Amino acid sequence: MSETVARTVEVKPGVLAELRGIIREIWECRDLLYQLTRRDITIRYKQAVMGFAWAVLMPVLIVASGFLIRLAMSRFAGRPLVATTLAGIAVKSIPWAFFVGAIGFATPSLSGNSALVTKIYFPREVLTLSTVLAQTKDTGIGLIFLTILLPFMGVHYTWAVLWVPVLLLLTLCFTSATGLFLACANLFFRDVKYIVQVFLTFGIFFTPVFYEPSLLGPRGASLVMLNPMAPFLEGMQVAVVRGHNLLEPLIGATSMGGPPVLLWSPWYLVYAAGWAIVGLLLSLLFFRRLSYLFAEYV
C-alpha cells in the first residue's frame, strides 16, 4: 500500500499580483507617506535664508543660462531672438528643475534614513517617494509664477494647455521610477550619488531645455527625442507656447533653412508614457525584491 506524502509548496504570486500588493501596501501607508513628505519639506526650508524663493531660483537660473546661450546662437546666425523662444525655455525649465531636484534628494533617501530602515517595518518605497513628492511644492510655486509671466512673453493660452497636467503626471511617474532605482543602487554602491550628480549637471546639454530639437536637423532631432525626458519637456513647449494639440504631428523648418523636420509626433507621447508607467512598475518590483537586503547594507 503506497503512502501519500503531503508536501506544502509555496506558490509565489505572479508579477501582477505582486505589483497589486506593493501598490496596496503603499496606499495603506499613505498617512506615513504624507508625514514623511511634510518632514522633508520642513527640513528643506528650516532656517533657510531664501525660504520659498528657492522654488523659483533654479528655474530662473536655467532660463538665464538658456537666454545667454540662445542669444549667442542668434547673434552667430544673424537672427533676432524672439520672446517666445525665452518662453519655451521657461516652460521647459520647470519640469527639468523638478527632475533634477527630486533625483538629487531621492538618490540618498535610503542611506540617509538608516535608523528607519533598520528598526521598524514599513514599505521602504515611501522614503524615496516622499522626497519626490516634497519637490512638487517647489514645482507648484514655480508654475504659478510662470503662468503669470508667460502672457508677457507673447504666449496666448489655448485649449492645448490641458495637456500640461498629463505631462506633469507622466514626469512625476518617470521621476519616481528613476528615484526608486537610483536610491536602491546607491544603497549598494555608495558612489552612485556622485555619478548621478555628474549626469544631472551635464544632462541638460543632452536634453532639449536650452534649444529645440529642430536645431539639430531631422536626424539629430530624432536622436535627442530618445532621451526619456525630452518628450515631456518638448511636449510642454509645443502645447503651451505653440498651442498645438499633442495628438497631432507638427512639422516645421529648421532655423538654418534646412529640410523640414518633425517637431512633434503623437508617438513621442506614447514613448514617454511607456518610460513613465512601465518604468515605475519595474522600479517598484526591483526595489521590493531587493528590500530584504537593505538592513545589511544601510
Practice task
Could you point to the label whose value was computed as mean projected area of the Cα convex hull in nm² for the structure here, given [x] 21.4; [y] 15.0; [z] 19.3?
Solution key: [x]
Practice task
Can you find, among Gly217, Leu246, Gly21, the residue farthest towards the positive end of the dipole of the chain? Put +1 on the C-beta of Lys and Arg, -1 on that of Asp and Glu.
Solution key: Gly217
Handout entry: Karplus-derived HN-Hα couplings along segment 103-118 (A = 6.51, B = -1.76, C = 1.60, θ = phi - 60°), whole Hz, x at Gly and Pro
Key = 5, x, 8, 6, 4, x, 5, 7, 5, x, 10, 4, 5, 6, 5, 8
Practice task
Amide H neighbours of Trp264 under 5 Å, at least 5 residues apart or on other chains, H built in the peptide plane: list them.
Solution key: Leu250
Exercise for the section: Return the distance in nm (one decimal) between the two label points of a simple spin-label model at Phe189 and Glu296, each offset 7 Å from Cα along Cα→Cβ. Expected result: 1.8 nm
Problem - Extension gain, Leu223 back to Tyr157 (0.36 nm per residue minus Cα-Cα distance, nm) - result: 20.8 nm
Practice task
Subtracting the Cα-Cα distance from 0.36 nm times the residue separation, let me have the gained length for Glu248 to Phe76 in nm, one decimal.
Solution key: 58.6 nm
Fill in the blank from the handout: Protection proxy (average C-beta count within 10 Å per residue), highest first, orders 108-116, 68-76 as 108-116, 68-76
Completion exercise
Counting only protein heavy atoms with a 1.4 Å probe and every protein chain in place, the carbon and sulfur fraction of the accessible surface of the chain in whole percent equals 69 percent
Practice task
Please report, in debye to the nearest 20, how large the charge dipole of the chain is about its Cα centre when each Lys and Arg carries +1 at its beta carbon and each Asp and Glu carries -1 there.
Solution key: 440 debye
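The values are calculated or read from the model by the stated rules, or taken from the named source; none is laboratory data. Since this is a predicted model, take the numbers as computed values, not measurements. Note that each Cβ is placed from the backbone with ideal geometry, even for glycine, and that neighbours are counted across all protein chains shown. The protein model used for the area step is the full one, side chains on, heavy atoms only, and it has no ligands, DNA or RNA in it. Shrake-Rupley method; radii C 1.70, N 1.55, O 1.52, S 1.80 Å.
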